[in-house]
Amino acid sequence: MRKGDFATAWAISDAVLRHRIESKQVCWNWPRHLQFVWRGEPLADKRVLVRCYHGLGDTIQFLRFLRPLGDIARHVTLWVQPTLLDLAAGAAGVDRVLALHDGAPEAERDVDVEIMEIPHALRVTSIPNRVPYLRSPHAAQLEPGEGVHRVGIVWEAGAWDPRRDVPLPLLRHLTGLPGVRLYSLQAGRAGALAHAVPASPTDIRTINHAATRILELDLIISVDTMAAHLAGALGRPVWTLLRADCDWRWGRDSDQTSWYPTMRLFRQQREGEWDGVLAAVCEALAKRVMPPAPSACAAPLPSSSSSSSSCPPR
């Protein structure tokens, strides 16, 4: 899957699925994100219940497969995380949305599939990446930028994987770039960036609110978390900052990704070293805002043997 070799991936997945069925393996007592749901049944002309058992970013990323599923299924019910109900309801291929909960789903169906199992079930050979495939249910409200390049920032991925977090002091080096105004999209942390202007008088508290703010901005810079997937699904320019040993979906070396055509990837060269990543981001942002002029950053980044920025202090 990391290499995009889907034929080999599905052959391996078929063997795993056969083993599960033949051994009568039980998974319902496992954590939800480890459970397998689909047992190889055909989905064509069936009432399909799609269960969203992984993270919010995973669900947003794989909602793109609901359109091809809807093309062959008789009816598609999406059992989705409550915070995604409004966004998911507008996704192509979805006939009905229900809020995910701990009980049994209130939906008649012929077959169940977990949302990340759909590519295997459909035996896809390429990633459908037309964007936007999600739309915000609310209108944007931010006033025109008057020549200012408005950049949303997300620097923490959550306590479950702190290795994806960027130290906040490094991001403060972006606040002094001429022509750039930063907006915190970090939930509950709107005022944490020094000299940043909050995107709204209130913090980002819901995904719908975040989607609306993302559509108001010129660029999103985010660590590998839900916000990066949301920006990509909305078709907005987004730069995703990746740790060296990043998730399989981001491949290995390229700064582009087949998942989101509006996304650019910035990768650590060595695990745990973010200063080189932020140096590259600083230089790229300066070029984006002021293409004819030499790049200029607010302050030198912390010294590091792996950092080689051509972005000098003002």
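The values are calculated or read from the model by the stated rules, or taken from the named source; none is laboratory data. These numbers come from a predicted model, not from an experiment. With ideal geometry, Cβ positions are generated from the backbone for all residues, glycine too; neighbour counts draw on all protein chains shown. When the accessible area is computed, the model is the full protein with side chains, heavy atoms only, and any ligands, DNA or RNA have been set aside. Shrake-Rupley method; radii C 1.70, N 1.55, O 1.52, S 1.80 Å.
Structure notes:
- For the listed peptides 120-128, 20-28, a ranking on the average number of other beta carbons within 10 Å per residue, highest first, reads 120-128, 20-28.
- Lys/Arg +1, Asp/Glu -1 at C-beta; the range 61-181 dipole; positive extreme among Leu85, Val148, His120: Val148
- Candidate lysines - alpha carbon under 25 Å from Lys24, same-chain residues fewer than 8 apart omitted: Lys46
- Computed E for Asp5/Glu106 - FRET, C-beta separation, R0 35 angstrom, nearest 0.05: 0.35
- His138 paired with Ala244, simple spin-label distance in nm, labels 7 Å along Cα-to-beta-carbon: 4.1 nm
- A 1.4 Å probe over all protein chains sorts His19, His209 by accessible area into His19, His209, starting with the largest.
- Aspartates and glutamates whose Cα lies under 16 Å from that of Lys3, excluding same-chain neighbours fewer than 8 positions away: Asp245, Asp247, Asp253, Asp255
- Placing +1 on the Cβ of every Lys and Arg and -1 on the Cβ of every Asp and Glu, with nothing else charged, gives the range 62-188 a dipole about its Cα centre of roughly 580 debye.
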